[in-house]
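Below is one structure, written out as structure tokens, with a few remarks after it.
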Amino acid sequence: MPVPGVDSELHLGAFVTVDYELRITERCLTRDLGLVADTSFERALDRPIVTAFRAKRAANPGDGETVGPRAGDRTLYKLRGGGRHRGATLFDSVERVVWLCASGFHTSGEPDDAYRLFAVLIESKAIEPTSDDYRRLGRERARRYRDLVRPHSDALIRLAADRPGLAVAGLIGRELPARLTASIDGDLLDLAVAFPTMFDKPRLHLALAALAADPEPAWEVIGELAGAPLTDEVGFRLYGNPLPR
């Protein structure tokens with residue numbers, strides 16, 4: 001079972017890995033792939049080049065053959081999809097994003113060859129992600145914790161329910177480290193959870209509410225988890241959760 005908040009996952013316009021995320025520029029989405037500007041990454045996966053983008057760039061943000069000359073941190077790398085599908089990708093190491101900047105078909109020197117398209121885009125400076133692309137990136141990152149806190153909490157509960165008494169760990173919302181144990185009492189679960197002491201309290205409370213399946217959960221503060229005292233963590237016990245389905 002995937003580790004919540006740690007393993008790669010889809011979120012809106014991104015495929016989020018441990019170290020960075022994959023995204024598609026608006027120009028590439030609309031002009032090259034024929035999709036609308038706010039298409040999700042999941043929806044775009046029906047395009048072969050996006051499937052190749054996820055498979056290859058999730059493993060390596062970019063190396064090998066370039067599209068155009070090397071340009072330091074702005075170097076574009078060739079991406080080969082199935083058949084004649086080709087792409088150009090760029091790794092922004094500051095924002096930790098690999099962008100799919102362009103896509104086309106390799107037609108061996110014909111006027112519509114992908115590499116001719118890429119050269120024109122480079123010359124016109126239209127191939128790189130724009131300020132609109134980065135604004136969308138910022139908006140989606142700002143809502144990522146709130147969007148993922150519930151599914152990550154549910155997945156942690158399922159992991160803990162499969163291993164009663166043993167601590168399982170994950171990153172709720174890809175931000176909040178959490179360790180969780182569960183004990184089964186009939187048709188209900190009692191949960192114990194530990195978070196880092198120094199963490200944003202509103203987000204911690206949101207995670208507690210998600211774990212308790214209650215917007216205003218009641219909790220008991222605890223000082224140990226799975227028989228070991230907590231160090232630099234704060235712990236809570238939550239009673240009477242339903243068994244996960």
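The values are calculated or read from the model by the stated rules, or taken from the named source; none is laboratory data. Nothing here was measured: the structure is a model prediction, and the numbers come from that model. Cβ sites come from the backbone with ideal geometry, for glycine too, and all protein chains shown count toward neighbours.
So, of the residues in segment 217-245 that are part of a loop (DSSP other than H, G, I, E, B) and touching a helix residue (DSSP H, G or I) at 6+ places or on another chain (Cβ under 7 Å), which turns out to be surrounded by the fewest Cβ atoms within 10 Å (Cβ to Cβ)? Can you show your working first?
Initial filter on segment 217-245 (part of a loop (DSSP other than H, G, I, E, B)): 217-219, 223, 226-227, 230-232, 243-245.
Adding the requirement that they be touching a helix residue (DSSP H, G or I) at 6+ places or on another chain (Cβ under 7 Å) leaves 217, 219, 243-244.
Numbers: Pro217: 16, Trp219: 18, Leu243: 14, Pro244: 16.
The extreme case among them is Leu243.
If you check Ala88 against the conditions, is it part of a loop (DSSP other than H, G, I, E, B) and of a type in the set (Gly, Ala, Ser)?
no
Scan (1) part of a helix (DSSP H, G or I); (2) modelled with pLDDT of 95 or more; (3) out of contact with any strand residue (DSSP E or B) (no Cβ under 6 Å at 6 or more places or on another chain) for the single condition Leu208 breaks and write down its number.
(2)
Can you name the residue in segment 168-203 that is among the β-branched types (Val, Ile, Thr) and without any contact (Cβ under 8 Å) to a residue 60 or more places away in the chain and is also farthest from Leu156 (Cα to Cα) among such residues?
Thr197
Need pairs with beta-carbon distance below 6 Å; first residue within 16 Å of Thr17 (Cβ to Cβ) and within segment 38-56, second of a type outside the set (A, V, I, L, M, F, W, C) and surrounded by 19 or more Cβ atoms within 10 Å (Cβ to Cβ); sequence gap 6+ or separate chains.
Sorted first by the residue in segment 38-56, then by its partner, the pairs are Phe41/Gly13; Ala52/Gly81.
Mind telling me which of the residues Gly34, Gly5 ends up being among the small types (Gly, Ala, Ser), at pLDDT below 95 and assigned to a loop (DSSP other than H, G, I, E, B)?
Selected residue: Gly5, the only one of Gly34, Gly5 that is among the small types (Gly, Ala, Ser), at pLDDT below 95 and assigned to a loop (DSSP other than H, G, I, E, B).
Restricting to segment 109-151, count the residues that are within 16 Å of Arg74 (Cα to Cα), surrounded by fewer than 17 Cβ atoms within 10 Å (Cβ to Cβ) and either of a type in the set (Lys, Arg) or under 26 Å from the mean Cα position of the chain (by Cα) (or both).
Result for segment 109-151: 4.
Which one of Ala52, Ala58, Ala155 is over 30 Å from Pro244 (Cβ atoms), surrounded by 14 or more Cβ atoms within 10 Å (Cβ to Cβ) and not basic (Lys, Arg)?
Exactly one of Ala52, Ala58, Ala155 is over 30 Å from Pro244 (Cβ atoms), surrounded by 14 or more Cβ atoms within 10 Å (Cβ to Cβ) and not basic (Lys, Arg), namely Ala52.
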